[in-house]
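The values are calculated or read from the model by the stated rules, or taken from the named source; none is laboratory data. Note that this is a predicted model, so its numbers are computed, not measured. For neighbour counting, all protein chains shown are included, and Cβ atoms are generated from backbone atoms with ideal geometry for every residue, glycine included. Note: areas computed on protein heavy atoms with side chains; ligands, DNA, RNA excluded. Shrake-Rupley method; radii C 1.70, N 1.55, O 1.52, S 1.80 Å.
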Amino acid sequence: MSAAVDSAVYRPAEFHRFEAGGRQFVYLVPSAGVFELNEVSGRILDLLAAAPHSAEMLAERLPQYAPRDVFEALEELYQSHAIQTPEGFHEPPQQPPPQFPLQSLVLNLTNQCNLSCQYCYEFGEDKIATPDGKPKFMDWETATQAVDYFFRDSAGRRSLHITFFGGETLMNFPLLKRVVEYARNKAAGEGRSLDFSLTTNATLLTPQIIQFLSENQIGVTVSIDGPKEMNDALRVFSTGKGSYDIIAPKVKQLLAEHKTRPIAARVTLTAQVADVLKIFRHLTEELGFQEVGFAPVTTSSKALYSIGPSGLDRVLEQFRELALEYRDWALAGRHHAFSNVSDTIAEIHQGVSKSHPCGAGLGLVGVGPSGDISPCHRFVDSDPHTLGHVSHGMDRDKQADFLTRGHIHSKYDCHSCWARPVCAGGCHHEAFVRYGDTGHPNLHYCDWIRGWTDLCLQIYGEIAVRNPEFLAHFDRRKTLQ
Amino acid sequence: MKNLRAINRKAHAIEEYVSAAQDDVVALQQGRGGNNNPATRPHYPVGCSIVFSPGWEVDSAGGTAGLCQPAERDLYDCYISCFWPAQVPDHLNNYPDWTKKCASATKDWKDIDLVFP
Ligand code: SF4
Ligand code: SF4
């Protein structure tokens, strides 16, 4: 490598520096590359953080190293874009190719639900859906049209994914069964692989349904908020009665009999239900879930169940505790069920640098009972967000509008944020609920995102130092949400 | 790279990219801060097949005014640095003195004469 003995003045480019396992690392922005620094490159970054320096000045300030070593480290830092000259780097924002092929379809089989969870974005005070006059259950014709549309617009992809969603998905189980068979045959005919998953509140699980899910290798995510007193705080039937006693035995049976795909629990954190550790222990140790993911409720800040800033801090504190347990287990080569960590680490490991926060409207669409296409399951049945209809496909202008708004390039607040490769402004739906614009950055949780990403980087770095073999788990892991 | 150790997959990709660029695609090298170091100065590419030289093409209006470098300079791309017997006399073997009367290509190009091999 050539030494950079030129008169250029260097200053830091964009990165987030962190320490893990006693070593120094940088997370480069926007490339999302993670590098470990040796001593001299760390010292160079220290000096540049204080003031711009030329190569010769640096060599003078670092007499303990041979000038050649300083120049060489400087050159590597420059080439990997950790540091820059006053000209900076010109890195034009990349647009996804037009007509990006679909990869995932979310079918909302019904917009009806047998529970009345008070925070639900589909029915609660923040609902954006406009279901009046639309069918409540998807019919066979719409479902097949949706699958046909999905196969058409995913041309070129070899593996596809269909997720069943609701309302309560299992209220339309007969349709689910037929769609699985229909889509399977179609995929086999085209030589493509296809897998399925569904999200359910578990109230309607029966031994027959469990057997079907297991035989067809359908991944299951169960919405459940923890032990009885917590789950029943907001996850209630319309009578106000809690759902825990109904679902606990069914969930146990599901976990016992469905082993072909991982079964995950998904917890919605609210002001009332935020004891992360207790919920996690209950779901893993008492019920037996292998994966547990948490998400703070999506809502405007005024709702009673909204977690305020201090509540979020407490949640992050507990996340930290659990994440460190994840780290210890990973160092010992064991699987830990806290999937928020594994999801983030998977993205860090790949070096994902997102133009958009998620695949919504890009590689993923939601289709509701009426056949309307929306960016994802959360926008289903919401007229202002409809992007087309399964009978005639995607309206490319509307899609382009949605994607332009949501592109990291149009979120000015994010342009100086080091966490943007993983966050890209956050969920479009949450942004709409909070700010009335799907393209608005979710500025209410930046501290949270940065704190969380920093923690996961540290855990990642430590695993990379002390048990690098463990990271092979993430080589193949899909990072699609 | 010796000082930075690539950890994640993106970092490995960056490393590959950097070392590919260093293993001498000279056209990609960049000059920084005044270019007084030969190692970081842009090199003159050898051979026109690895750069886009408009050569004797014309611009969209059919003239040469809109080409991205003075058309006269293209002469030298082929004359000086190319071994290939191109549309201009070659400097290396047969016509070392061809542009002797041409001190500055943009001004004196009219003084360059035809050759009759
Ligand atoms: S929303 Fe906040 S955390 Fe996310 S990229 Fe933008 S500024 Fe960063
Ligand atoms: S992150 Fe938000 S917009 Fe994206 S798929 Fe999930 S719910 Fe939809």
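General remarks:
- Qualifying residue in the stretch A:248-258 (condition: within 27 Å of A:Phe432 (Cα to Cα) and of a type in the set (Asp, Glu)): no
- Number of positions in the stretch A:330-362 that are away from chain B (no Cβ under 14 Å) and of a type in the set (S, T, N, Q): 4
Here is a yes/no grid of residues against (1) within 11 Å of ligand 1 (Cβ to nearest atom); (2) more than 20 Å from A:Ser342 (Cα to Cα); (3) buried (at least 23 other Cβ atoms within 10 Å of the Cβ):
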position: A:Tyr412; (1), (2), (3): yes, yes, no
position: A:His415; (1), (2), (3): yes, yes, no
position: A:Gly425; (1), (2), (3): yes, yes, yes
position: A:Thr438; (1), (2), (3): no, yes, yes
position: A:His444; (1), (2), (3): yes, yes, no
position: A:Trp452; (1), (2), (3): yes, no, no
position: A:Leu455; (1), (2), (3): no, no, no
position: A:Tyr460; (1), (2), (3): no, no, yes
position: A:Arg466; (1), (2), (3): no, no, no
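- Qualifying residue in the stretch A:323-330 (condition: touching a Ser or Thr at 6+ places or on another chain (Cβ under 8 Å), more than 16 Å from ligand 2 (Cβ to nearest atom) and either modelled with pLDDT of 95 or more or open to solvent by 20 Å² or more (accessible area, probe 1.4 Å) (or both)): yes
- Just so you know, in the stretch A:412-423 the residues that are in a loop (DSSP other than H, G, I, E, B) and modelled with pLDDT of 95 or more include one that is farthest from ligand 2 (Cβ to nearest atom), and it is A:Trp418.
- 2 or more residues open to solvent by 10 Å² or more (accessible area, probe 1.4 Å) and within 11 Å of chain B (Cβ to nearest Cβ): qualifying helices (runs of 4 or more DSSP H) within the stretch A:1-93: A:39-50, A:67-79
- Selection of the stretch A:333-349 for residues being touching a residue at least 24 places away in the same chain (Cβ under 8 Å) and either more than 21 Å from A:Tyr27 (Cα to Cα) or among the polar types (S, T, N, Q) (or both) yields A:Gly333, A:His335, A:Ala337, A:Phe338, A:Ser339, A:Asn340, A:Ser342, A:Thr344.
- Test: residue in the stretch A:461-479 that is outside the structural domain of A:His161 (by TED's automatic domain parsing) and more than 30 Å from A:Gly21 (Cα to Cα): no
- When the residues of the stretch A:425-438 are filtered to those that are more than 10 Å from A:Pro357 (Cα to Cα) and within 17 Å of the chain's Cα centre (by Cα), the one that is nearest to ligand 2 (Cβ to nearest atom) is A:His429.
- A:Ser391, sole failed condition from (1) touching a residue at least 40 places away in the same chain (Cβ under 8 Å); (2) within 16 Å of ligand 2 (Cβ to nearest atom); (3) assigned to a loop (DSSP other than H, G, I, E, B): (2)
- The stretch A:402-421 residues that are within 14 Å of chain B (Cβ to nearest Cβ), paired with ones that are within 16 Å of ligand 2 (Cβ to nearest atom) and modelled with pLDDT of 90 or more (beta carbon under 8 Å, 6 or more apart): A:Pro421/A:Val352; A:Pro421/A:Lys354
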